[in-house]
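**Student:** Okay, here's the structure, questions in a sec.
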């Protein structure tokens, strides 16, 4: 019954390539997270303050991001935009898809964060003579980022995991690279087992780093 | 002049039926794996709460792996692992097994939270009134705890519904895979991907709104 021979040597031979690809995974996840935080902040401020077309745009973005599969969002940027003559590179497809998704999820977190900051903060800052922009960037947003720090960490982990969908649009991050080597050597199980291990280590590393960072940042 | 041979045919009524059938397959695999995964996950959650030593050293880390490795890697890994140990599973069965375990891993934490939400004094009171351990679980912990974590459970269930799109990598023709096939044939990516997205949205959005409404009502 158990007559499968494991061959690990090709996997170890291509380990440097896999590790390089996992840096690509981290890079695209981190970049999509930075963009996602900026857009997510904008979307949640729009939803809390503005009415009209802008409000509906933000709502549509958030609800679409939260209620459709991430893979659908990637396909939309990959194939759907082709109808308008926009052909994105695999890297851009993954980056755009992840940013869209992150922004939608983070906007909901930020909304909760903004509601948790007492209203009096806004009034106090304004009566001290700060402009609306100053109030947001110096008073409200720093507090919100602190409140949603842990949900943001989770979202970063999700972004790393979601970037594995790059495999399906031809992007050579960790999963894509794994699939490339696996289909070249037919050692599918071995390659994906190592990829799973690398992802696990990456996620643990991110969680640990964020905990250390939190201990450093949130010291009063 | 003769019309040139066309390799593509346009989107027609039978394609709508094809997509509806694929949507049905998405529903089937999600509903079965969410149901089984919830039962399994509730059991794991209870084990985690009861916290015998082996459950904290064995169950918690194993469940953690399912949450730290991308689902797509889990799917490919299991699909290629099953034949090694002599199991002959097709794409649907492999997808079902992985999605069920994935759901169980997510539900376990939710269920543990639910049990923790029921105060210890409440449970002592139940036991003092003469309820057995199982009666206490069935008539006190379950109704209160389930209500406390119902919104998070809905979140998990909707997540699995969306993630079921990934079973397409194994060749199971669910909604997103079907739309990919149609896109290749009709060369109308935008229309088809939008229909697929609309289906997911139509399924997920009302449920998430309903759960948000329930949550609001219960928290008052």
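The values are calculated or read from the model by the stated rules, or taken from the named source; none is laboratory data. Computed from a predicted structure; not experimentally measured. Quick reminder, even Gly has a Cβ in these numbers, built from the backbone with ideal geometry, and neighbours come from all protein chains shown.
**Student:** With the structure loaded, tell me whether residue A:104 is within 14 Å of chain B (Cβ to nearest Cβ), in contact with a helix residue (DSSP H, G or I) (Cβ under 7 Å, 6 or more places away or on another chain) and crowded, with 19+ Cβ neighbours inside 10 Å or whether it fails that test. Spell out the reasoning first.
**Tutor:** Working: within 14 Å of chain B (Cβ to nearest Cβ): yes; in contact with a helix residue (DSSP H, G or I) (Cβ under 7 Å, 6 or more places away or on another chain): yes; crowded, with 19+ Cβ neighbours inside 10 Å: yes.
So residue A:104 passes the test.
**Student:** Output the helices (runs of 4 or more DSSP H) that fall wholly within region B:90-162 and possess 2 or more residues being within 14 Å of the chain's Cα centre (by Cα), or say none.
**Tutor:** B:91-117
**Student:** Would region B:50-62 turn up any residue that is within 13 Å of chain A (Cβ to nearest Cβ) and in a helix (DSSP H, G or I)?
**Tutor:** yes
**Student:** Here's something else I'd like to know. State whether one or more residues within region B:167-181 are closer than 28 Å to residue B:43 by Cα, crowded, with 16+ Cβ neighbours inside 10 Å and within 12 Å of another protein chain (Cβ to nearest Cβ).
**Tutor:** Yes, the conditions are met somewhere in region B:167-181.
**Student:** I would also like to ask the following. Considering each of B:29, B:84, B:72 in turn, give the residue that is within 12 Å of chain A (Cβ to nearest Cβ), closer than 14 Å to residue B:166 by Cβ and either in contact with a helix residue (DSSP H, G or I) (Cβ under 8 Å, 6 or more places away or on another chain) or surrounded by 14 or more Cβ atoms within 10 Å (Cβ to Cβ) (or both).
**Tutor:** B:72
**Student:** It is to be established whether one or more residues within region A:48-62 are loosely packed, with under 15 Cβ neighbours inside 10 Å, within 14 Å of chain B (Cβ to nearest Cβ) and assigned to a helix (DSSP H, G or I).
**Tutor:** yes
**Student:** Residue A:83 passes all but one of (1) over 24 Å from residue B:192 (Cβ atoms); (2) surrounded by 13 or more Cβ atoms within 10 Å (Cβ to Cβ); (3) touching a helix residue (DSSP H, G or I) at 6+ places or on another chain (Cβ under 9 Å); which number fails?
**Tutor:** It fails just one condition, (1).
**Student:** Is it true that residue B:159 is within 14 Å of chain A (Cβ to nearest Cβ), in contact (Cβ under 8 Å) with a residue 24 or more places away in the chain, surrounded by fewer than 16 Cβ atoms within 10 Å (Cβ to Cβ) and closer than 27 Å to residue B:99 by Cα?
**Tutor:** Spelling it out, it is not the case that residue B:159 is within 14 Å of chain A (Cβ to nearest Cβ), in contact (Cβ under 8 Å) with a residue 24 or more places away in the chain, surrounded by fewer than 16 Cβ atoms within 10 Å (Cβ to Cβ) and closer than 27 Å to residue B:99 by Cα.
**Student:** Quick one: count up the residues across region A:1-17 that are surrounded by fewer than 21 Cβ atoms within 10 Å (Cβ to Cβ), in contact with a helix residue (DSSP H, G or I) (Cβ under 8 Å, 6 or more places away or on another chain) and not in a loop (DSSP other than H, G, I, E, B).
**Tutor:** 3
**Student:** Here are some residues: A:43, A:71, A:38. Which one is at pLDDT 90 or above, surrounded by 19 or more Cβ atoms within 10 Å (Cβ to Cβ) and over 28 Å from residue B:180 (Cα atoms)?
**Tutor:** A:43
**Student:** If you scan region B:196-210, which residues turn out to be closer than 14 Å to residue A:75 by Cβ and either surrounded by fewer than 19 Cβ atoms within 10 Å (Cβ to Cβ) or at the interface with another protein chain (Cβ under 7 Å from one of its Cβ atoms) (or both)? Steps first, answer last, please.
**Tutor:** The initial filter retains those residues of region B:196-210 that are closer than 14 Å to residue A:75 by Cβ, namely B:196-200.
Residues satisfying the conditions are B:196, B:197, B:198, B:200.
**Student:** Ok, one more. Check off (1) surrounded by fewer than 23 Cβ atoms within 10 Å (Cβ to Cβ); (2) in contact with a helix residue (DSSP H, G or I) (Cβ under 9 Å, 6 or more places away or on another chain) for residue A:119 and give me the number that stays unchecked.
**Tutor:** (2)
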